[in-house]
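Report on the following structure.
The values are calculated or read from the model by the stated rules, or taken from the named source; none is laboratory data. Just so we're clear, the structure is a prediction, and the values are computed from it rather than from any experiment. FYI the Cβ positions are ideal-geometry reconstructions off the backbone, even for glycines, and counts take in every protein chain you see. With ligands, DNA and RNA removed, areas are computed over all heavy atoms of the protein, side chains included. Shrake-Rupley method; radii C 1.70, N 1.55, O 1.52, S 1.80 Å.
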Amino acid sequence: MTQSLMGGRHSCHESFVILGVSNGGGIAARRLAASDIIAMAKFPLVLPALKSHNSQPMNHNPDDLIMLFNDLFRESFRTILVRGSEEPEYLPASEPDGLARVVFAHGFFASALHEIAHWCIAGEHRRTLHDYGYWYCPDGRSLEQQQAFEQVEVKPQAVEWLFSLAAGSRFHISVDNLAGSGAANEQGFRQNVRLQASQYLAHGLPSRAQQFFDTLKSFYGTADRVQHHWNQDKRRLAPMATEHDQSRITEPL
């Protein structure tokens, strides 16, 4: 089978150092127990210590995303969200009645949203393949590789953007190519992500993405603020020519 370029398998969008995170605080994909039965015990359907954050300031704890995702999809799609300590990864179920695992990197909230976005748009066949059957080309891509990367990253980042709005967290468009030549077409990529997110917001997300988006809005109490924050975000991240404020600089990728 020919594999296509992997889009968006970057560890996270945070570009700062996180202090005080123990290596033992997360579960790396390759350290997970072999038995899916053990995995089910490690990731229960309900985490009793968690509750909705309907007041400001919001506490963006990735454990909340684990709870919400697993409540929605563990039984219906036999898939769980897992906090990893290394690179993000998708691991299909190892046996017929087992659990697939969406592993996000280093306990980062933004990484979890990004990996969930990838899973939400992956088709049935791709969800049977390790990392959805994509070949991941790491940071330092050539221009041609970066163009392919940006093409496949539009939808995941559009979905992640809306997830971030629903969670009340800050979203950053990312080209994940700091060691290479950067974006192949920065402004074009920004506008494509904005256009796709706008279409999703107006006409609805793919089914699983819509479920998670609605759940995030309910959990974080953001339903009445999403449109307002979208109007602000789209001008911050991908302003159209008629919206561009010359006194401001577009947030860099």
Filter region 237-253 for residues that are within 21 Å of the chain's Cα centre (by Cα) and open to solvent by less than 40 Å² (accessible area, probe 1.4 Å); which is modelled with the lowest pLDDT?
-> 251
Selection count where residues are within 22 Å of residue 157 (Cα to Cα), part of a loop (DSSP other than H, G, I, E, B) and among the aliphatic types (A, V, I, L, M), scope region 87-112 = 1
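Return yes or no: is residue 165 in contact with a Leu (Cβ under 8 Å, 6 or more places away or on another chain), at pLDDT 95 or above, closer than 22 Å to residue 61 by Cβ and in a helix (DSSP H, G or I)?
Values: in contact with a Leu (Cβ under 8 Å, 6 or more places away or on another chain): no; at pLDDT 95 or above: yes; closer than 22 Å to residue 61 by Cβ: yes; in a helix (DSSP H, G or I): yes.
No, not satisfied.
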So, first residue without any contact (Cβ under 8 Å) to a residue 40 or more places away in the chain in region 95-109, second residue in a loop (DSSP other than H, G, I, E, B), Cβ within less than 8 Å, six or more apart or across chains; the pairs are 100/78; 100/92; 100/93
Are there any pairs, at least 6 apart or on different chains, whose C-beta atoms fall under 6 Å, with the first in region 197-218 and open to solvent by less than 50 Å² (accessible area, probe 1.4 Å) and the second among the polar types (S, T, N, Q), and if so, which?
-> 204/210
